[in-house]
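Since the structure comes first, as structure tokens, the remarks are kept for the end.
A short reminder: the numbers here are calculations on the coordinates, not readings from a lab. Nothing here was measured: the structure is a model prediction, and the numbers come from that model. Here the Cβ is made from the backbone with ideal geometry for all residues, glycine too, and neighbour counts use every protein chain on show.
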Amino acid sequence: MATIKTDDVFSIASFDPSKLAESFREFAEKGAQQSKDAYAKLKTAGEEAGKTLEATVQTAQAGTVEIGLKAIDVLRVNAETSLSHMEALLGVKSVAEFVELQTSFLRKQAELAVDQAKSMQETTKQVAEKLAKPSKEAAEKAMASFKTA
């Protein structure tokens, strides 16, 4: 048979409540500091996100203006070309001259349309790259901060 030790029953008497209070206080202080640090990081991230959004909106506005001006230029060039062609048509003296003038005009218009489309595509691409740049940089910065954390 096993014997029961009587000194085990009274081992709880060696428990010191002041040590528990000290340990709990340290735990609470550490938790509070971690909460403050997390809040500071969250606040900084929110401010940076706001700045990124503001920069993106300003870039979008500038890009819209740039594309709009490019479109107006395309319309102006097309209107001038059409008016010049109409003036040339007024001076036509034969059907052969009319056909030659019309064929030349259509070929030039097709070439102009291709050039204008390439120009608009390039402008749109540049605007899109400018627009994506702040968000891309912010995302890279956020990912880097998660890696270090």
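Values computed for the structure shown
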item: Reachable lysines from residue 93, criterion Cα separation under 26 angstrom, eight or more residues apart if same chain; result: 108
item: Qualifying GluC sites (Glu not before Pro) in the stretch 58-147, DSSP loop, other Cβ atoms within 10 Å at most 16; result: none
item: Extension gain from residue 71 to residue 58, taking 0.36 nm per residue of separation minus the Cα-Cα distance; result: 2.7 nm
item: Helix 17-90 axis, angle to the chain major axis (alpha carbon atoms, nearest 10°); result: 0
item: Structure-based [θ]222 nm, the chain - -39500 (n - 2.57) summed over DSSP H runs of at least 4, per residue, nearest 500; result: -33000 deg cm²/dmol
item: With Cα atoms, 0 to 90° folded angle of helix 95-148 axis to the chain main axis; result: 10
item: Förster radius 30 Å - calculated FRET efficiency between residue 96 and residue 119 (Cβ-Cβ, nearest 0.05); result: 0.30
item: Simple label model, 7 Å out from Cα along Cβ direction - residue 137 to residue 35, nm; result: 3.6
item: Anchor residue 136: aspartates and glutamates whose Cα lies under 18 Å away (excluding residues fewer than 8 positions away in-chain); result: 47, 48, 54
item: Exposure rule at most 10 other beta-carbon atoms within 10 Å, DSSP loop trypsin sites (Lys or Arg not before Pro): the chain longest free segment; result: 6-92
item: Contact order normalised by residue count of the stretch 17-148, Cα under 8 Å, 6+ apart, percent; result: 46
item: Cα pair distances in the stretch 17-148, grouped into 5 Å bins until the bin that holds the longest one, percent each; result: 2, 8, 10, 10, 8, 8, 8, 6, 6, 5, 5, 4, 4, 3, 3, 2, 2, 2, 1, 1, 1, 0, 0
item: Theoretical gain in end-to-end length, residue 27 to residue 89 [0.36 nm per residue, Cα-Cα removed]; result: 13.2 nm
item: Straight-distance crosslink candidates among aspartates and glutamates, where the alpha carbon sits under 14 Å from residue 30 and sequence neighbours closer than 8 are dropped; result: 22
